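Working notes, structure below.
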Amino acid sequence: MSFRKRFGIATVLLLALAAGMAVRTYLLPGPMLEAVSDGTQVEDFALPDLDGRTRRLSEFAGKTVVLNFWASWCGPCLEEIPDFIALQSRYGTHGVQFLGVAVEDAAAAQKMAARMNMNYPSLVGDLDAMDIARRLGNTVGALPYTVIIGPDGRERARLAGRADPADVERWLKTAP
């Protein structure tokens, strides 16, 4: 087989691979939120917010909380934040509260939150935040990591990786 023919076949195969990856990335949903079967009570925790004030998870008792662990250096985190901003705008008056937890230093988190125009509070915790995420099931230390907590304070669902906004919205529509 000539070099030209082998090169042509290799080019077609690479284009097919790229097209397949594009279809997977843009047309198929990402990982879905998985229901937590035991629905354990989420323990209260306290971390500073972006202004340095100590905030507690219990401040949001009685609301459905979408707790999202993120970092400014995490590409998938930055991709899902605009979706969370839109969902907070849509569901904030319906008993839903998005709550970010930045896994990094406060200065970087403040800068990114301002750049993204986050309309929901974010706490900052670095290693303390990762410890909280681990206690909530993130045993591999993945970012982003999202946990949905019901108004009763029990864990409803969790997801390691970028959240599909349609999936999150389905959970919010079925929240009590």
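The values are calculated or read from the model by the stated rules, or taken from the named source; none is laboratory data. Just so it is clear, the model here is predicted, and its values are computed rather than measured. Glycine gets a Cβ as well: all are built from the backbone with ideal geometry, and neighbour counts include every protein chain shown. In case anyone asks, the SASA skips ligands and DNA or RNA and just uses the protein heavy atoms, side chains included. Shrake-Rupley method; radii C 1.70, N 1.55, O 1.52, S 1.80 Å.
Conditions tested, residue by residue: (1) aliphatic (A, V, I, L, M); (2) surrounded by 12 or more Cβ atoms within 10 Å (Cβ to Cβ); (3) modelled with pLDDT under 95; (4) under 17 Å from residue 122 (Cα atoms).
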residue: 24; (1), (2), (3), (4): no, no, yes, no
residue: 36; (1), (2), (3), (4): yes, yes, yes, no
residue: 44; (1), (2), (3), (4): no, no, no, yes
residue: 49; (1), (2), (3), (4): no, yes, no, yes
residue: 58; (1), (2), (3), (4): no, yes, no, yes
residue: 72; (1), (2), (3), (4): no, yes, no, yes
residue: 80; (1), (2), (3), (4): no, yes, no, yes
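For the stretch 159-167, the criterion of being assigned to a strand (DSSP E or B), closer than 12 Å to residue 101 by Cβ and either modelled with pLDDT under 95 or of a type outside the set (Phe, Trp, Tyr) (or both) is satisfied by no residue at all. Residues of the stretch 89-105 that are surrounded by fewer than 18 Cβ atoms within 10 Å (Cβ to Cβ) and not hydroxyl-bearing (Ser, Thr, Tyr): 90, 92, 94, 95, 105. Only a single item in (1) part of a strand (DSSP E or B); (2) without any contact (Cβ under 8 Å) to a residue 12 or more places away in the chain is not met by residue 148, and it is number (2).
Restricting to the stretch 110-128, name every residue that is out of contact with any helix residue (DSSP H, G or I) (no Cβ under 8 Å at 6 or more places or on another chain) and either more than 20 Å from residue 43 (Cβ to Cβ) or at pLDDT below 95 (or both). Full working, then the answer.
Let us first name the residues in the stretch 110-128 that are out of contact with any helix residue (DSSP H, G or I) (no Cβ under 8 Å at 6 or more places or on another chain), namely 110-111, 113-115, 121, 126-128.
110, 111, 113, 114, 115, 126, 127, 128 - these are the residues of the stretch 110-128 that are out of contact with any helix residue (DSSP H, G or I) (no Cβ under 8 Å at 6 or more places or on another chain) and either more than 20 Å from residue 43 (Cβ to Cβ) or at pLDDT below 95 (or both).
Flag set for residue 54, criterion: among the β-branched types (Val, Ile, Thr), over 27 Å from residue 173 (Cβ atoms), in contact with a Leu (Cβ under 9 Å, 6 or more places away or on another chain) and open to solvent by 30 Å² or more (accessible area, probe 1.4 Å).
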